[in-house]
Amino acid sequence: MYIVHVFVRVNPAQVKAFKIATLENARNSKQESGIARFDVIQQQDDPTRFVLVEVYRTPDDPAQHKETAHYQKWRDAVANMMAEPRTSITYTNVFPDEQGWD
């Protein structure tokens, strides 16, 4: 699995609109064959902070995801809602062991 955590800080006045746009993107993203999981989580003590947890089946799947109409619609819709540029970190799963890792 290829896992990406996308960190987003939203302008306080835009939190509701961001959630609406992001949930629509997440629902559509979960329908993609290359996506195993797509979670949207909101920080409890700072509701302007979100993490998108995107679990892809292969390293090529994120690029395919970015070509979809729903991702491009989301990207354009939320661009001005962010308090700062979003960042991401890429991970590889260790457990459950699907890669033969010892």
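The values are calculated or read from the model by the stated rules, or taken from the named source; none is laboratory data. The shown structure was predicted, so the numbers you read here are calculated from the model rather than taken from an experiment. As a convention, Cβ positions derive from the backbone with ideal geometry for all residues, glycine included, and neighbour counts pool all protein chains shown.
Observations
- Count of segment 72-97 residues which are over 11 Å from M1 (Cα atoms) and at pLDDT below 95: 0
- Filtering segment 58-71 to residues that are modelled with pLDDT of 95 or more and of a type outside the set (D, E) leaves P62, A63, Q64, H65, K66, T68, A69, H70, Y71.
- Selection from segment 20-39 of residues that are closer than 18 Å to E84 by Cβ and in contact with a strand residue (DSSP E or B) (Cβ under 9 Å, 6 or more places away or on another chain): T22
- None of E84, E54, E32 is part of a loop (DSSP other than H, G, I, E, B) and surrounded by 15 or more Cβ atoms within 10 Å (Cβ to Cβ) except E32.
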